[in-house]
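The values are calculated or read from the model by the stated rules, or taken from the named source; none is laboratory data. Predicted, not measured: the structure shown is a model, and the values here were computed from it. All Cβ positions, glycine included, derive from the backbone under ideal geometry; neighbour counts span all protein chains shown.
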Amino acid sequence: MIPESFIQELLARVDIVDVVGRYVKLRKGGANLLGLCPFHNEKTPSFTVSPTKQFYHCFGCGAHGTALRFLSEHTGAPFPEAVRSLAASVGMTVPEEPRSPRQRAADRERREEGSRQQHILEQAQAHYRAALKQAPEAVEYLKRRGLSGEIAARFGLGWASRDRRGLAAVFTHYEDPALLESGLVIEAEDGRRHDRFRGRIMFPIHNQRGQLIGFGGRLIEPGEPKYLNSPETGLFSKGNELYGLHEARAGIRAEGCVLVVEGYMDVVALAQYGLNNAVATLGTSTTPEHLRKLRRASDRIVFSFDGDGAGRKAAWRALQACLPWVAEDLSMRFLFLPEGHDPDSYVRAYGVQALRAYLDEAVPLSRFMLDELAGRHDLDEAEGRAACVHEARPLFAQMPEGGFRLQLEREFARQVRLTPEELAQLLAAAPAAGAPGPLPGTGRRPAGQGQGGAAPAPGGAARFARAQGGHAPEPEDGPWPGAGDFGAGLAPDAVPPWLDAAPPQAPRAPGRPPRRGGGSRQVTPMARRLLRLLLAHPALVAGLGDHQLELLAHHPHLGLVRQLIGLASTCGAAHAGALLQAADPESDLARAIQDLSTELMAQDLPDPQAEWDDALRAIERQTVQDQCDRLIESGLETAEDRRRYQELSRRLARLKAGAG
């Protein structure tokens, strides 16, 4: 494992402008640099690189990150490889954290096994391609499907013969365990082996980096299964991959959208007719990982399904997978072809222009969802409308807050004869029994478990940990003498007016894109102000006094601020990009940082320390005011209450006068 300290040192040494500039043409735009985003199709530059904060942000698709993330995302390199590449460019050697001989041996074995499997797949691919030229029936089948030799070569199509042990001609040691592990052969219970793929057109499957990771095979004669994929291996997982995505990169940019179809043959057939932007799932429903890759490929996604009942059911499952990703800057649509047709058969029957016309009429996700819900219930009856709201509640719960959800809620409210306010109340109610919640592995807490009382990130500064413990420091240590015990009497659930507390948020659904806001924690305006200051000026953390730390520790809605202070103290980040790199990508803090990316690109404040001190004074002022109000509400019945009230009143007067 690469030490975090080395990553921080590397980010302090490299210049993100140099790294991004190797791949993107940048021009000056004020304090930042601008260019066309390499992560989505655009004509007007919205991709911004900040030399001072050392990170990039695209105002079009939301892509953002550090030099390391850019290198990893743009080239497809695994993170460790991106670190080594970037380190080599500035003459640094990557140290490895101490590992036992057994761990090092396991790592070496894992790398060697992956490399060996890939070599075996490439040997099999060469065999399949050569066999296609010697298989007239397979060539004739492809010609009947309208495919040319050029397209077959472009997609690397091959042929697996009907021989039970056809690969024995390539692998003389047919009993090699690696053939089994790579998914090319199957071993029966009696130990005898045979080829997995027989009598099939072979479609090589590549990852986003263009590396061969598995195969798909299609029968050319009646039989089941018609399509057969490689099994799950160390290289291949069908729920993570999209067939044709590597080959479709240029086509997606040219067409301005990505078309998701259901079979390999659809992808290849559409390419034959000049539609080079199609990709296919590999026999699975749409997964969060699919959507992450699709979102990165384009901001316009069209899902194509057969128009029959099975096709609409599959589309409904895809819609549910899409809900956590809905956003104002992302278009997701559904195309339903006439019954009995798939994209391959339709384009062969009616031509590519007819299919393009159909694509232009694809149904927006919002319309498909509303129409499908309306079709399942009798909206002329109160019972039907109530049942419709009941079914819709978990669907809305998966959507992030924002303009799209607001628009959809209003349309749905009209459909079920409710006001937007009435619908909002129903949707905010506890989900009905059996309503789907977040799936395992999302790393998110249920709605309502906000940031109140959250401890700082592990490894935070020891002095901050002491402040969190509730031991008030001597007032003289702080910048505002005479503060006293400002935390006393502050109810944990008290929400001062300035906090502008937001309603509970929906649980984060699986695969929720990290760049989106609106998770289980709603960042209040004051917390947002403090986070923005700390991100833009991490050096502020070094100047925090015990009084300020104590003040932050007692506020239930500043948990993310505490976490950021702890993170900055631990990793020693020198700029916003380094903080973003150090944050756990699945944490609430990382999502808050991502949500602030746009604002961080703004001009720096002339005096960030003064802005920080002013914000902390506002927090203390409101805290003291709230304590005074609560004492008044209690009636000031005891001498201690009256003494405490007078003390707080004097403190409040000094704060309002600006004397501290």
Verdict on VAL279 being over 25 Å from ALA77 (Cβ atoms), buried (at least 21 other Cβ atoms within 10 Å of the Cβ) and touching a residue at least 12 places away in the same chain (Cβ under 8 Å): no
Any hit, segment 170-177, residues being outside the structural domain of GLY351 (by TED's automatic domain parsing), under 36 Å from the mean Cα position of the chain (by Cα), surrounded by 18 or more Cβ atoms within 10 Å (Cβ to Cβ) and over 30 Å from GLY351 (Cβ atoms): no
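In this structure, is VAL185 of a type in the set (Val, Ile, Thr), surrounded by fewer than 20 Cβ atoms within 10 Å (Cβ to Cβ) and modelled with pLDDT of 95 or more? If you could, list the steps in order and put the result at the bottom.
Working: of a type in the set (Val, Ile, Thr): yes; surrounded by fewer than 20 Cβ atoms within 10 Å (Cβ to Cβ): no; modelled with pLDDT of 95 or more: yes.
So VAL185 does not fit the description; no.
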Matching option when the condition is in contact with a helix residue (DSSP H, G or I) (Cβ under 9 Å, 6 or more places away or on another chain), over 19 Å from ARG253 (Cα atoms) and not assigned by TED's automatic domain parsing to the domain that holds LEU567, among HIS57, HIS40, HIS74: HIS57
LEU335 under 28 Å from GLU73 (Cα atoms), within 29 Å of the chain's Cα centre (by Cα), not in a loop (DSSP other than H, G, I, E, B) and not β-branched (Val, Ile, Thr): no
Subset tally (residues that are at pLDDT 85 or above and in a loop (DSSP other than H, G, I, E, B)) for segment 1-17: 2
Residue within segment 285-292 that is surrounded by fewer than 22 Cβ atoms within 10 Å (Cβ to Cβ), polar (S, T, N, Q), more than 19 Å from LYS238 (Cα to Cα) and at pLDDT below 95 present: no
All positions within segment 293-312 that are without any contact (Cβ under 8 Å) to a residue 60 or more places away in the chain, surrounded by 18 or more Cβ atoms within 10 Å (Cβ to Cβ) and under 15 Å from PHE368 (Cα atoms): ILE301, PHE303, SER304, PHE305, ASP306, GLY311
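For segment 18-104, which strands (runs of 3 or more DSSP E) that fit wholly inside it have 1 or more residues that are surrounded by fewer than 21 Cβ atoms within 10 Å (Cβ to Cβ) and either touching a residue at least 60 places away in the same chain (Cβ under 8 Å) or hydroxyl-bearing (Ser, Thr, Tyr) (or both)? Break it down into steps so the answer makes sense when it comes.
Details: elements: 27-29, 32-35, 47-50, 55-58.
The qualifying strands (runs of 3 or more DSSP E) are 32-35.
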Scope segment 322-334; condition free of Cβ contacts under 8 Å to residues at least 40 places away in the same chain and surrounded by 23 or more Cβ atoms within 10 Å (Cβ to Cβ); matching residues: MET332, PHE334
